[in-house]
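Student: Before I ask anything, here is the structure I am working with.
The values are calculated or read from the model by the stated rules, or taken from the named source; none is laboratory data. Note that the structure is a prediction, hence the values are computed from the model and not measured. Counting neighbours? That spans all protein chains shown, and the Cβs are built from the backbone with ideal geometry, glycine included. Keep in mind that these areas ignore ligands, DNA and RNA; they rest on the heavy atoms of the full protein, side chains included. Shrake-Rupley method; radii C 1.70, N 1.55, O 1.52, S 1.80 Å.
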Amino acid sequence: MHLFLTGPIRIGKTTVVDKTIDLLGVTPGGFRSYFGPDRPLPEHFLYMSSADAPRSCTPQHAIVAFRAQPNGDPQCTVLPRFEELGLACLQTAPARPLIVLDECGRLEQKLPRFRARVLELLDGDTPILGVIRQDASGWLEDIRRHPGVRLVTVTLQNRDTLPQQLAEYYRPIINPTKE
């Protein structure tokens with residue numbers, strides 16, 4: 001069973017993923033998307049790195065540009081490298097003991113090859129620890145409805161205990177005892 005964390009924005013889903021990986025002591029495959037130190041600026045980016053690499057807020061890791069409009073609303077532009085970088089991160093992911101998909105959201109709606117690869121991984125044997133936007137629909141419904149996926153809601157009450165629970169769930173799957 002693949003587990004996908006969901007919950008309100010900035011509740012700590014990525015922190016739960018990071019702590020779970022630390023507890024498991026594994027190097028995951030997959031991807032991480034994240035904001036950088038430029039987030040408070042009117043023009044900022046969403047970045048992506050392979051789950052086995054450090055976060056990098058360099059132009060080659062920028063996948064979405066956000067620009068404030070005169071009315072204050074952000075305009076978001078999905079950059080062409082999003083799909084290419086995402087597919088590169090997912091290419092060797094099944095060779096790792098755990099796949100991290102942090103975060104699947106509505107921005108991928110226009111990335112058919114990336115979406116198809118994520119859905120293909122759900123049918124695979126490598127366990128997945130993912131994050132999925134709580135308030136988005138579209139292709140994310142395919143993840144939510146997948147028979148191999150269970151959603152776990154992160155709350156203020158459970159976010160500190162979830163990493164240990166998730167590590168206990170994944171440990172026997174990742175390191176099965178040999179008989």
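Student: Using beta carbons and a limit of 6 Å, which pairs, at least six apart or on different chains, have the first residue in the stretch 80-106 and touching a residue at least 12 places away in the same chain (Cβ under 8 Å) and under 10 Å from residue 48 (Cβ atoms) and the second one assigned to a helix (DSSP H, G or I) and among the hydrophobic types (A, V, I, L, M, F, W, C)?
Tutor: Between residues of the stretch 80-106 that are touching a residue at least 12 places away in the same chain (Cβ under 8 Å) and under 10 Å from residue 48 (Cβ atoms) and residues that are assigned to a helix (DSSP H, G or I) and among the hydrophobic types (A, V, I, L, M, F, W, C), the close pairs are 86/114; 102/17.
Student: Shifting gears a bit: Would it be correct to say that residue 144 is farther than 28 Å from residue 43 by Cβ, under 15 Å from the mean Cα position of the chain (by Cα) and surrounded by fewer than 18 Cβ atoms within 10 Å (Cβ to Cβ)?
Tutor: In short, yes.
Student: Give the residues of the stretch 149-159 that are open to solvent by 10 Å² or more (accessible area, probe 1.4 Å) and within 17 Å of the chain's Cα centre (by Cα), sorted by residue number.
Tutor: Within the stretch 149-159, 149, 150, 151, 152, 153, 159 meet the criteria.
Student: Right, residue 89: surrounded by 15 or more Cβ atoms within 10 Å (Cβ to Cβ) and more than 21 Å from residue 140 (Cα to Cα) or not?
Tutor: Considered against the rule, which asks whether it is surrounded by 15 or more Cβ atoms within 10 Å (Cβ to Cβ) and more than 21 Å from residue 140 (Cα to Cα), residue 89 comes out as no.
Student: Those residues that are part of a loop (DSSP other than H, G, I, E, B) and either among the aliphatic types (A, V, I, L, M) or free of Cβ contacts under 8 Å to residues at least 12 places away in the same chain (or both), I need them from the stretch 138-159; list them, please.
Tutor: Correct list: 147, 154, 156, 157, 158.
Student: Let me ask something else. Give the residues of the stretch 134-148 that are under 13 Å from residue 6 (Cα atoms) and in contact with a helix residue (DSSP H, G or I) (Cβ under 6 Å, 6 or more places away or on another chain), sorted by residue number.
Tutor: Across the stretch 134-148, the qualifying residue is only 136.
Student: If you scan the stretch 98-117, which residues turn out to be surrounded by fewer than 17 Cβ atoms within 10 Å (Cβ to Cβ), under 16 Å from the mean Cα position of the chain (by Cα) and not hydrophobic (A, V, I, L, M, F, W, C)?
Tutor: 106, 109
Student: Select from the stretch 160-174 the residues that are open to solvent by 30 Å² or more (accessible area, probe 1.4 Å) and in a helix (DSSP H, G or I) and list them in ascending order.
Tutor: Once the filter is applied, which keeps residues that are open to solvent by 30 Å² or more (accessible area, probe 1.4 Å) and in a helix (DSSP H, G or I), the stretch 160-174 yields 164, 165, 168, 169, 171, 172, 173.
Student: From 42, 8, which residue is open to solvent by 60 Å² or more (accessible area, probe 1.4 Å), touching a residue at least 24 places away in the same chain (Cβ under 8 Å) and under 21 Å from residue 143 (Cα atoms)?
Tutor: The conditions single out 8.
Student: Out of 55, 67, which single residue is part of a strand (DSSP E or B), open to solvent by 60 Å² or more (accessible area, probe 1.4 Å), of a type in the set (D, E, K, R) and out of contact with any helix residue (DSSP H, G or I) (no Cβ under 6 Å at 6 or more places or on another chain)?
Tutor: Being part of a strand (DSSP E or B), open to solvent by 60 Å² or more (accessible area, probe 1.4 Å), of a type in the set (D, E, K, R) and out of contact with any helix residue (DSSP H, G or I) (no Cβ under 6 Å at 6 or more places or on another chain) holds for just one of 55, 67, which is 67.
Student: Report yes if some residue within the stretch 12-27 is at positive phi and either of a type in the set (Val, Ile, Thr) or not in a helix (DSSP H, G or I) (or both); otherwise report no.
Tutor: Within the stretch 12-27, one or more residues are at positive phi and either of a type in the set (Val, Ile, Thr) or not in a helix (DSSP H, G or I) (or both).
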